[in-house]
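The values are calculated or read from the model by the stated rules, or taken from the named source; none is laboratory data. Small disclaimer: the values here were computed from a predicted structure and weren't measured. Cβ coordinates were reconstructed from backbone atoms using ideal geometry, including for glycine residues, and neighbour counts include every protein chain displayed.
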Amino acid sequence: GGPTWNVPTGRRDGRISNATEALNNIPPPFGNFTTLITLFGNQGLDVKDLVLLSGAHTIGVSHCSSFSNRLFNFTGVGDQDPSLDSEYADNLKSRKCLSIADNTTQVEMDPGSRNTFDLSYFKLVLKRRGLFESDAALTKDPTALGQVRGFAGGSLQDFFVEFGKSMEKMGRIGVKTGSDGEIRRTCSVVN
C-alpha cells in the first residue's frame, strides 16, 4: 500500500516542452533549505509540502553523481559533508560509490525499504542519513525539522493523507485553461 490522491482528468497539455525550463523548476539534490523553499514557494507550495513531498525519497534509487560531492569533495578540498553521518558515509564510500567520478552506480535512497512507501525516510533524516544534501537541509529550519520529527514518530496513515493533499496541490501548478495548450490525440505527440 501507499498514499492515494485524486488526479483531475481533462487537462490540457502544453504545445512546447522545454527540458531546461523543467530542470530549473525541479529542486536539485544538492539544494540548501533556502533554495528548496524558494523553488517550492515559487510554485505556491510551503514548508509542509516540501517536507511531505521529500518523503517520497522513501522509495527508489539515485546515481552516485547526485550526492558524491557530499562524500568526497563537499567544500572543494576533498572533504566530507559534516552533516552526513560518518558511519553511513564510510559505508557508501567503501561499498557503493567508490569515487567521485562514479556516474553509474545506483544507491537506495532509503536503504532496506526502497520499494516500501513508509516513514523510514524521516527517521533516516533525523539520524543524518538522508542521501541528498536536500534531505539534510530539512533539519536546518526549525519548522521543517519539527515536521520531519512529527512524521518520523507519527502515523503512516496520517502521512499518506497529508502526502496525498500535497500531491493534489502540486497537481494544480500551471494548469492550462481556455485556449492555452491542447488536448492531444496522442499523448506523446503535439497535435
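Applying the criterion of at least 2 residues that are surrounded by 12 or more Cβ atoms within 10 Å (Cβ to Cβ) to the helices (runs of 4 or more DSSP H) found wholly in the range 1-86 leaves 33-42, 47-54, 68-72.
Residue-by-condition table, conditions (1) over 18 Å from G2 (Cα atoms); (2) charged (D, E, K, R); (3) within 19 Å of the chain's Cα centre (by Cα):
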{"position": "S94", "(1), (2), (3)": "yes, no, no"}
{"position": "S113", "(1), (2), (3)": "no, no, yes"}
{"position": "L126", "(1), (2), (3)": "yes, no, yes"}
{"position": "E133", "(1), (2), (3)": "yes, yes, yes"}
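Restricting the search to the range 93-133, which residues are part of a loop (DSSP other than H, G, I, E, B), at pLDDT 95 or above, over 20 Å from P28 (Cβ atoms) and of a type in the set (K, R)? Across the range 93-133, the qualifying residues are K96, K127. In this entry, T116 passes the filter for residues that are out of contact with any helix residue (DSSP H, G or I) (no Cβ under 6 Å at 6 or more places or on another chain), within 15 Å of H57 (Cα to Cα) and of a type in the set (S, T, Y). Take A152 and decide whether it is crowded, with 19+ Cβ neighbours inside 10 Å and out of contact with any His (no Cβ under 8 Å at 6 or more places or on another chain). Criteria not met by A152.
Yes or no: D90 at pLDDT 95 or above, not assigned by TED's automatic domain parsing to the domain that holds F30 and not in a loop (DSSP other than H, G, I, E, B)? Talk me through it step by step, then tell me what you get.
On the way: at pLDDT 95 or above: yes; not assigned by TED's automatic domain parsing to the domain that holds F30: yes; not in a loop (DSSP other than H, G, I, E, B): yes.
Taking the combined requirement at face value, the residue satisfies it.
Within the range 82-110, residues that are over 17 Å from G60 (Cα atoms) sit with their Cβ atoms under 9 Å from residues that are surrounded by fewer than 15 Cβ atoms within 10 Å (Cβ to Cβ), at 6+ positions apart or across chains, in these pairs: S83/K140; D85/K127; Y88/K127; K93/S99; I100/N73. State whether one or more residues within the range 142-160 are touching a Pro at 6+ places or on another chain (Cβ under 9 Å) and either more than 19 Å from T34 (Cα to Cα) or of a type in the set (G, A, S) (or both). Yes: the range 142-160 contains one or more residues that are touching a Pro at 6+ places or on another chain (Cβ under 9 Å) and either more than 19 Å from T34 (Cα to Cα) or of a type in the set (G, A, S) (or both).
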